[in-house]
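Below is one structure; the comments refer to it alone.
The values are calculated or read from the model by the stated rules, or taken from the named source; none is laboratory data. Just so it is clear, the structure is predicted and the values come from calculations on it, not from any experiment. Don't worry about glycine lacking a Cβ; one is built from the backbone with ideal geometry, like all the others, and counts go over all protein chains shown. To get the accessible areas, we keep the full protein, side chains included, count just its heavy atoms, and leave off ligands, DNA and RNA. Shrake-Rupley method; radii C 1.70, N 1.55, O 1.52, S 1.80 Å.
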Amino acid sequence: MRAFIFPGQGSQSVGMGKALADASPAAREVFQEVDDALGQSLFTLMTEGPEGDLTLTENAQPAIMANAIATLRVLEKEGGVRLADKADFVAGHSLGEYTALCAADALDLSTTARLLKLRGQAMQAAVPVGEGAMAALLGADIEKAQALADAAAEGEVCTVANDNDPGQVVISGHRAAIERAIALVKDHGIKRGVLLPVSAPFHCPLMQPAADAMAEALAKASLRAPLVPVYANVTAAPVAASDTIRDLLVEQVTGRVRWRESVIAMEAAGVSHFVEFGGKVLGPMVKRSATGEVDAVSIISMDDIEALLKAL
């Protein structure tokens, strides 16, 4: 069994999508449709920068999605592959869950782009700049991370945001609490804590205004049942009903990304092959999280797509 998976924020870089667009009309179509939907030349920003603008959440989120969908569309249109025939499940990390839903035809591309633009803007606006922070805890499992977050909170928000793999957990909340947590890592048997270069504290209760904005937007969005079940971030379980997906996407804004648990759940469901589109972030996490031997490949270039076509 096979899962198609899609990366989250942090996987963006200037130059992304250029080689793909140069080589493939199917990729160019995706980038053009996203530009049209957003009323901005996002593709120019992706290929030429400046990096500071691409890194802004409201740009990074639709850009990462567009790059991953373009990679998938090349596989589908030029390789003659149907996702429903080759993937048993889809999943994505944070914003990647929207990409997964677009890939599985639950959301159309233009709607996905607009939702992610809004999601980025709403997440940025939810907390004044400088008041929130996130930190990666290296050499921390979920239990150690939770204990550290509890100890550092002191009445402020400090919570586990991303359970990425057995050795990397991300915490999020008020900046002072996150800084206290970093100072306490050694006391909790954690190798190190690294402040992340993000503009807002994602996936924690401080994001409630953004969750409210997404609830309103998703209520109006056309959402179909996906071609294959989607493993949801907040439950680490497969979901196929559109109303449930809508609710879980709202919950995801303030909720924990249970990526490690999702990988284990997909593996338990019979998945032995994971294919990451548009990034090289999730593949290593999958290998570290899986309880047995699994195959994880990252598809970025035309060469990667051709190699995958031979393997499918």
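Quickly estimate the mean residue ellipticity at 222 nm for the chain, helices only: each DSSP H run with n ≥ 4 gives -39500 (n - 2.57), and the total goes over all residues, rounded to 500.
Result for the chain, helices only: -14500 deg cm²/dmol.
Compare the Cα positions of Ala125, Ala66, Val81 along the charge dipole of segment 46-149 (+1 at Cβ of Lys, Arg; -1 at Cβ of Asp, Glu; about the Cα centre) and return the one farthest towards the positive end.
Val81
Once amide H atoms are placed 1.01 Å from N in the peptide plane, what residues at a sequence separation of 5 or more from Ile299, or on another chain, have their amide H within under 5 Å of its amide H?
Result for Ile299 returns Glu276, Phe277, Gly278, Gly279.
Based on Cβ point charges of +1 for Lys and Arg and -1 for Asp and Glu, what charge dipole magnitude is obtained for the chain about its Cα centre, in debye rounded to the nearest 20?
280
Using θ = phi - 60° and the Karplus relation 6.51 cos²θ - 1.76 cosθ + 1.60, list the HN-Hα couplings for segment 150-155 in order, rounded to whole Hz, with x at every Gly or Pro.
4, 5, 8, 4, 6, x
Pop out the ³J(HN,Hα) list for segment 131-147 in order, Karplus 6.51 cos²θ - 1.76 cosθ + 1.60 with θ = phi - 60°, rounded to Hz; leave Gly and Pro as x.
8, x, 7, 9, 9, 8, 9, 9, x, 10, 8, 5, 5, 5, 5, 5, 5
Can you compute the equivalent ellipsoid semi-axes for segment 1-118, i.e. the square root of 5 times each eigenvalue of the Cα gyration tensor, sorted largest first and rounded to whole Å?
22, 16, 12
Run the 1.4 Å probe and let me know the accessible area of His93, rounded to the nearest 10 Å².
20
In nm, give the distance between the simple-model label positions of Thr291 and Asp108, each being 7 Å from the Cα along the Cα-to-Cβ direction.
4.2
Taking 0.36 nm per intervening residue step and subtracting the Cα-Cα distance, what contour gain separates Ile264 from Lys310 on full extension?
Stretched fully, the Ile264-Lys310 segment lengthens by 13.9 nm.
Put +1 on the Cβ of every Lys and Arg and -1 on every Asp and Glu Cβ in segment 162-278; which of Val194, Leu248, Gly278 then has its Cα farthest towards the positive end of the dipole?
Farthest towards the positive pole: Val194.
Only four residue types carry charge here, +1 at the Cβ of Lys and Arg and -1 at the Cβ of Asp and Glu. Report the dipole size of segment 231-298 about the Cα centre in Debye, rounded to the nearest 20.
240
Which GluC sites (Glu not before Pro) in segment 125-177 pass both tests, a DSSP loop state and at most 11 other beta-carbon atoms within 10 Å?
Passing sites in segment 125-177 are Glu154.
Please report the relative contact order for the chain, taking Cα pairs under 8 Å with a sequence separation of at least 6, and give it as a percent rounded to a whole number.
About 22 percent, as a whole number.
Quick one: putting +1 on the C-beta of Lys and Arg, -1 on the C-beta of Asp and Glu, what dipole do you get for segment 173-271 around its Cα centre, in Debye to the nearest 20?
In debye, rounded to 20, segment 173-271 gives about 380.
Which percent of the accessible area of the chain is formed by carbon and sulfur heavy atoms (probe 1.4 angstrom)?
51
Please report the relative contact order for segment 1-118, taking Cα pairs under 8 Å with a sequence separation of at least 6, and give it as a percent rounded to a whole number.
Answer for segment 1-118 is 40 percent.
List the relative contact order of segment 20-68 as a percent without decimals, with contacts defined as Cα pairs under 8 Å and 6+ residues apart.
Averaging sequence separation for qualifying contacts and normalising by length gives 28 percent for segment 20-68.
Going through segment 172-262, which trypsin sites (Lys or Arg not before Pro) have at most 14 other Cβ atoms within 10 Å and a DSSP loop state?
Sparse-neighbourhood loop trypsin sites (Lys or Arg not before Pro): Lys191, Arg224.
Just grab the label-to-label distance for Asp187 and Lys220, each label 7 Å out from Cα along the Cβ direction, in nm (one decimal).
Those two pseudo-labels are separated by 4.8 nm.
Extent of segment 133-180 along each principal axis, from alpha carbon coordinates, in Å, largest to smallest?
27, 17, 13
Can you tell me the length gained on complete extension of the stretch Glu179 to Glu29, counting 0.36 nm per residue apart and subtracting the Cα distance?
Net length gain for the segment: 49.6 nm.
Please calculate how many Å² of accessible area segment 1-121 carries per residue, with a 1.4 Å probe and no DNA, RNA or ligand atoms counted.
Result: 33 Å² per residue.
Skipping prolines and chain starts, which residues have an amide H placed within reach, meaning under 5 Å, of the one on Ala221, given they are 5 or more residues away or on another chain?
Sorted by chain and number, the residues that satisfy this come to none at all.
Taking the Cα of Lys144, stepping 7 Å toward and past its beta carbon, and measuring to each backbone N in segment 272-303: which are under 18 Å?
285, 288-290
Please work out the ratio of the alpha-carbon Rg of segment 220-295 to 2.2 N^0.38 Å and round it to two decimals.
1.16
For the chain, count all C-alpha to C-alpha pairs, find those more than 33 Å apart, and express that count as a whole percent of the total.
In whole percent, the share of Cα-Cα pairs in the chain beyond 33 Å is 20.
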